[in-house]
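Taken together, the values in this text are just the output of simple stated rules run on the coordinates, not laboratory data. None of the values given here were measured: they were computed from a predicted structure. All Cβ positions, glycine included, derive from the backbone under ideal geometry; neighbour counts span all protein chains shown.
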Amino acid sequence: MPAEPEAPVYIVAYDQNWPALFEAERAVLSKVLRPWLTGPIEHVGSTAVPGLPAKPVIDIMAGVHTLETSREALLPLRELGYQYSPYRPDLMHWFCKPSFAHRTHHLHLVPLGTPIWNDRLRFRDWLRSTPAVANEYAALKYRLAELHRFDREAYTEGKGAFVARILRTLTDERNLT
């Protein structure tokens, strides 16, 4: 767990600079993570959805072969200013930058092709292509940010049922075709 207090949860209007901030970080990360990458570096989370209000934190997911083999990336990422936290260590290596108290980036090293990898991309893509669902999600995020301003975990858990419902819908639709 982080030694310093975590940043409060707040939602801001979509910022047109978010894609460029992601691209700049991807350029740096692709060089540093090259030995461990087995897939793309993806912009995920709400900042990856044009027009969607979000926490002003760029969420990045990098495809690696395994968690064990990518463990060696922790030191080079630390040198880039990424702070490691063992959040969901059975699914990913999770980092924030520059600190837990002030975050501009989240980085998730996730084994390529795992359910969490696929689900995050499916959810992002659905929000991008379905404005009504993105609007519903935005309203939920605003409510949760007010309720859980100083409890990031509760904020994240509060979104879980919505995300699960969307992923079930997408799976059901795929099974019908």
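Of note:
- Over the chain, dividing the summed -39,500 (n - 2.57) contributions of all DSSP H runs of at least 4 residues by the number of residues returns a 222 nm mean residue ellipticity of -15000 deg cm²/dmol.
- In the chain, lysine pairs closer than 19 Å at Cα, eight or more apart or cross-chain: 5
- Amide H contacts under 5 Å for VAL64: THR38, VAL110, LEU112, restricted to partners 5 or more places along the chain or on a different chain, H placed in the peptide plane at 1.01 Å from N.
- Mean separation of Cα contacts under 8 Å (6+ apart) over length of the chain, as relative contact order %: 24
- Positive end of the dipole of the stretch 18-170 (Cβ unit charges, origin at the Cα centre): among THR114, ALA138, PRO56, the Cα lying farthest that way belongs to ALA138.
- FRET efficiency, 1/(1 + (r/R0)^6) with R0 41 Å, evaluated for VAL32 and ARG143 via beta carbons: 0.65
- Note on the stretch 13-57: with charges restricted to the Cβ of Lys and Arg (+1) and Asp and Glu (-1), its dipole about the Cα centre is near 160 debye.
- Residues with amide H under 5 Å from that of HIS105, placed H, sequence gap 5 or more: ILE58, LYS97
- Taking Lys and Arg as +1 and Asp and Glu as -1, the other residues whose beta-carbon sits under 14 Å from that of GLY51 total +1.
- Pairs of alpha carbons in the chain whose separation is greater than 20 Å (percent): 54
- Charge dipole of the chain (Cα centre as origin; +1 on each Lys and Arg Cβ, -1 on each Asp and Glu Cβ, all else neutral): 160 debye, rounded to the nearest 20.
- Segment ALA161-ILE116, length gained on full extension (0.36 nm per residue, minus Cα span): 14.7 nm
- Residue with peak Gaussian network fluctuation, the chain [Cα springs, cutoff 10 Å], from TYR87, TYR142, TYR155: TYR87
- When the Cα gyration tensor is reduced to axis lengths a ≥ b ≥ c, the ratio a/c is 1.5 or higher for the stretch 91-177, and with a/b not above b/c it is classed as oblate.
- The loop-placed trypsin sites (Lys or Arg not before Pro) in the stretch 80-177, going by DSSP, that have at most 16 neighbouring Cβ atoms within 10 Å of their Cβ come out as ARG149.
- Residue-by-residue Karplus 3J(HN,Hα) for the stretch 51-67, coefficients 6.51, -1.76, 1.60, Hz, glycine and proline x: x, 8, x, 7, 5, x, 10, 7, 8, 10, 10, 10, x, 10, 6, 9, 5
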